[in-house]
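For reference, the structure discussed in these notes is given below.
The values are calculated or read from the model by the stated rules, or taken from the named source; none is laboratory data. Note that this is a predicted model, so its numbers are computed, not measured. Ideal geometry is used to build each Cβ from the backbone, glycine not excepted, and the neighbour counts take in all protein chains shown. Just the protein is used for accessible areas: all its heavy atoms, side chains included, with ligands, DNA and RNA removed. Shrake-Rupley method; radii C 1.70, N 1.55, O 1.52, S 1.80 Å.
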Protein chains: 2
Amino acid sequence: MEKHQLIIDATCDLIAENGLQATPISSVAKEAGCGAGTIYRYFETKEELIEAVYLSLMERFTSACLENLDRTASVREQLNTIWLNLYHYMREVPRDALLLDQLSVAPAISAELQERGKRDLKTTIDPIFTRGRQEGSIKDIPDDVLGVFVYGGISTLLRTDRNAPCVVPTVVTDDMLLSICWGAIEKRD
Amino acid sequence: MEKHQLIIDATCDLIAENGLQATPISSVAKEAGCGAGTIYRYFETKEELIEAVYLSLMERFTSACLENLDRTASVREQLNTIWLNLYHYMREVPRDALLLDQLSVAPAISAELQERGKRDLKTTIDPIFTRGRQEGSIKDIPDDVLGVFVYGGISTLLRTDRNAPCVVPTVVTDDMLLSICWGAIEKRD
DNA sequence: AGGAACAGAATGAACGTTCATTCCGTTTTA
DNA sequence: TAAAACGGAATGAACGTTCATTCTGTTCCT
């Protein structure tokens, strides 16, 4: 495998396990099986490495969320797919869920980088919300608000469970989760 | 004011503004108007200081959320009060919202400390959920799941807005917010 | 005077980053 | 073809900086 990617992977593992401020370059080098100096052949600074880690993480989230998405299906079916994809990915790959928690408060992650990381997902989801709103099945509230609220709920739920385990995985079925998510955004008369 | 509290306050301000890893003791000392050594008269280690900061933060959140709570009111009214209190507090005191973001991924904050920080709030809210469930107005889903989901939605919404401002404060009315929160947890037939 | 409280310089460990050197595969030369 | 020359990837010891913590002399209070 490419050294570039090897270094990124090692950094992902270490930050998820130990946190950002407990992940010195020296330990990344050891984990990646190279010398510390080598890392600086691929990344000018540690900050740049972190940025690369963040973008690779967001790519994985994006493709996980969009997996098996049938873009001809109904609004409801499409959102169900995306939300369950997100929920399952975060449960199955806690490393990436932990990593996202760490990076979302890292000073190295600027506002534009965040925007870049979310762009692909947003350009898929926002039209679904828009359509749902036109069809009258979704509340008249901006895309961002609806999307972010649901995302925040799911991610916080799983984060809490990671800290004090055993509540969520055994109790929250897919149906429950979707009922909560839909309740939040659904328009009722 | 007590030096003890002065040091905690200075630390709150600096962590909220600069992040935890950009808040050395030396800068806390300067902000608090004392020498670095003085801090160690009140806190044995920096970690202990961070723990005190966290507990003081959670006290403020707790009392903000429970303000004007009428414990004889209906389930719906009580939850409305709590959620709006939370929403308004996080909007009005962004320093504390930022601080919570930083501390919730800090290694100094252990799982038990988190539990202690949330305890008072939970012992008030959980019975409200339980009652709502008995009355048939709230979904048959554990307290933790419902509470955490709503909290996560609100806090993530405001965090996102802080990074790319202007969406939320002007657009999301109290009614909208409550409609989202209630939709998530409300039982419908 | 005597002891507690305080300030800030001193200390040593840990970190990000640099750089002189080594290593290794490829190209050139005879 | 064999060996010499080359170039850039890789290395890790060394450097300068920053930080938490300690030390030491001073100030304040009673």
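Taking the condition open to solvent by 30 Å² or more (accessible area, probe 1.4 Å), part of a helix (DSSP H, G or I) and away from every other protein chain (no Cβ under 11 Å), does A:Asp126 pass?
Spelling it out, A:Asp126 is indeed open to solvent by 30 Å² or more (accessible area, probe 1.4 Å), part of a helix (DSSP H, G or I) and away from every other protein chain (no Cβ under 11 Å).
Those residues that are among the aromatic types (Phe, Trp, Tyr) and more than 16 Å from DNA strand C (Cβ to nearest atom), I need them from segment B:21-69; list them, please. Give the derivation first.
To start, the set of residues in segment B:21-69 that are among the aromatic types (Phe, Trp, Tyr) comprises B:40, B:42-43, B:54, B:61.
Residues satisfying the conditions are B:Tyr54, B:Phe61.
Applying the selection to segment B:168-178, what residues are more than 20 Å from the chain's Cα centre (by Cα) and either crowded, with 21+ Cβ neighbours inside 10 Å or more than 8 Å from chain A (Cβ to nearest Cβ) (or both)? Steps first, answer last, please.
From segment B:168-178, those more than 20 Å from the chain's Cα centre (by Cα) are B:170-171, B:173, B:175-176; that's our starting set.
B:Thr170, B:Thr173, B:Asp175, listed by residue number.
Here's a check for you: in segment A:7-65, which residue that is of a type in the set (S, T, N, Q) and within 14 Å of chain B (Cβ to nearest Cβ) is most open to solvent (accessible area, probe 1.4 Å)? It would help to see each step written out before you state the result.
First, the residues of segment A:7-65 that are of a type in the set (S, T, N, Q): A:11, A:18, A:21, A:23, A:26-27, A:38, A:45, A:56, A:62-63.
Within this subset, residues satisfying the condition of being within 14 Å of chain B (Cβ to nearest Cβ) are A:18, A:21, A:23.
Values: A:Asn18: 71, A:Gln21: 92, A:Thr23: 3 Å².
Filtering first and then ranking leaves A:Gln21.
When segment A:151-167 is examined, which residues are found to be within 7 Å of another protein chain (Cβ to nearest Cβ) and either open to solvent by less than 30 Å² (accessible area, probe 1.4 Å) or part of a loop (DSSP other than H, G, I, E, B) (or both)? Break it down stepwise before answering.
Of the residues in segment A:151-167, the ones within 7 Å of another protein chain (Cβ to nearest Cβ) are A:151-153, A:155-157, A:160, A:163-164, A:167.
Matches in segment A:151-167: A:Gly152, A:Gly153, A:Ser155, A:Thr156, A:Leu157, A:Ala164, A:Val167.
Which members of segment B:105-123 meet the condition of being within 12 Å of the chain's Cα centre (by Cα) and at the interface with chain A (Cβ under 9 Å from one of its Cβ atoms)?
Residue satisfying the conditions is B:Gln114 alone.
Can you list residue pairs whose Cβ atoms sit under 9 Å apart, with the first residue in segment B:110-132 being hydrophobic (A, V, I, L, M, F, W, C) and at pLDDT below 95 and the second being open to solvent by 30 Å² or more (accessible area, probe 1.4 Å) and assigned to a helix (DSSP H, G or I)? Count only pairs 6 or more apart in sequence or on different chains.
B:Ala111/A:Asn163
In segment B:12-104, which helices (runs of 4 or more DSSP H) lie fully inside it and hold 1 or more residues that are modelled with pLDDT of 95 or more and under 17 Å from the mean Cα position of the chain (by Cα)?
Values: elements: B:25-32, B:36-42, B:46-65, B:75-92, B:94-103.
Where helices (runs of 4 or more DSSP H) fall fully within segment B:12-104 and carry at least 1 residues being modelled with pLDDT of 95 or more and under 17 Å from the mean Cα position of the chain (by Cα), they are B:46-65, B:75-92, B:94-103.
Exactly one of (1) crowded, with 20+ Cβ neighbours inside 10 Å; (2) over 16 Å from the mean Cα position of the chain (by Cα) is unmet by B:Gly147. Its number?
(2)
Listed residues A:Asp101, A:Asp70, A:Asp120; which is within 24 Å of A:Glu186 (Cβ to Cβ) and in the same structural domain as A:Leu177 (by TED's automatic domain parsing)? Before the answer, list the steps.
Numbers: A:Asp101 fails: within 24 Å of A:Glu186 (Cβ to Cβ); A:Asp120 fails: within 24 Å of A:Glu186 (Cβ to Cβ).
Going through A:Asp101, A:Asp70, A:Asp120 in turn, just one is within 24 Å of A:Glu186 (Cβ to Cβ) and in the same structural domain as A:Leu177 (by TED's automatic domain parsing): A:Asp70.
The rows are residues; the columns are (1) under 26 Å from A:Leu20 (Cα atoms); (2) in contact with a helix residue (DSSP H, G or I) (Cβ under 6 Å, 6 or more places away or on another chain); (3) more than 11 Å from DNA strand D (Cβ to nearest atom).
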{"site": "B:Asp13", "(1), (2), (3)": "yes, no, yes"}
{"site": "B:Thr23", "(1), (2), (3)": "yes, yes, no"}
{"site": "B:Val28", "(1), (2), (3)": "yes, yes, no"}
{"site": "B:Arg41", "(1), (2), (3)": "no, no, no"}
{"site": "B:Met58", "(1), (2), (3)": "yes, yes, yes"}
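Suppose we filter segment A:133-144 for residues that are touching a residue at least 24 places away in the same chain (Cβ under 8 Å), open to solvent by 40 Å² or more (accessible area, probe 1.4 Å) and over 20 Å from A:Ala73 (Cα atoms); how many remain?
So the count comes out to 1.
Any residue that is of a type outside the set (Lys, Arg), more than 9 Å from every other protein chain (Cβ to nearest Cβ) and surrounded by fewer than 16 Cβ atoms within 10 Å (Cβ to Cβ) - is there at least one of those in segment A:75-83? Lay out the reasoning, then the answer.
Going through segment A:75-83, the residues of a type outside the set (Lys, Arg) turn out to be A:75, A:77-83.
Imposing the further condition that a residue be more than 9 Å from every other protein chain (Cβ to nearest Cβ) reduces the set to A:75, A:77-83.
Next, from what is left, pick out any that are surrounded by fewer than 16 Cβ atoms within 10 Å (Cβ to Cβ): A:77.
Yes; the residues of segment A:75-83 include at least one that is of a type outside the set (Lys, Arg), more than 9 Å from every other protein chain (Cβ to nearest Cβ) and surrounded by fewer than 16 Cβ atoms within 10 Å (Cβ to Cβ).
May I ask you to list the residues in segment A:139-185 that are over 26 Å from B:Glu112 (Cα atoms) and in contact with a Gly (Cβ under 6 Å, 6 or more places away or on another chain)?
Scanning segment A:139-185 gives A:Phe149, A:Gly183, A:Ala184.
Is it the case that B:Tyr87 is within 16 Å of DNA strand C (Cβ to nearest atom) and either more than 14 Å from chain A (Cβ to nearest Cβ) or within 30 Å of B:Pro127 (Cα to Cα) (or both)? Show your work before the answer.
Values: within 16 Å of DNA strand C (Cβ to nearest atom): no; either more than 14 Å from chain A (Cβ to nearest Cβ) or within 30 Å of B:Pro127 (Cα to Cα) (or both): yes.
Judged against the criteria, B:Tyr87 is not a match.
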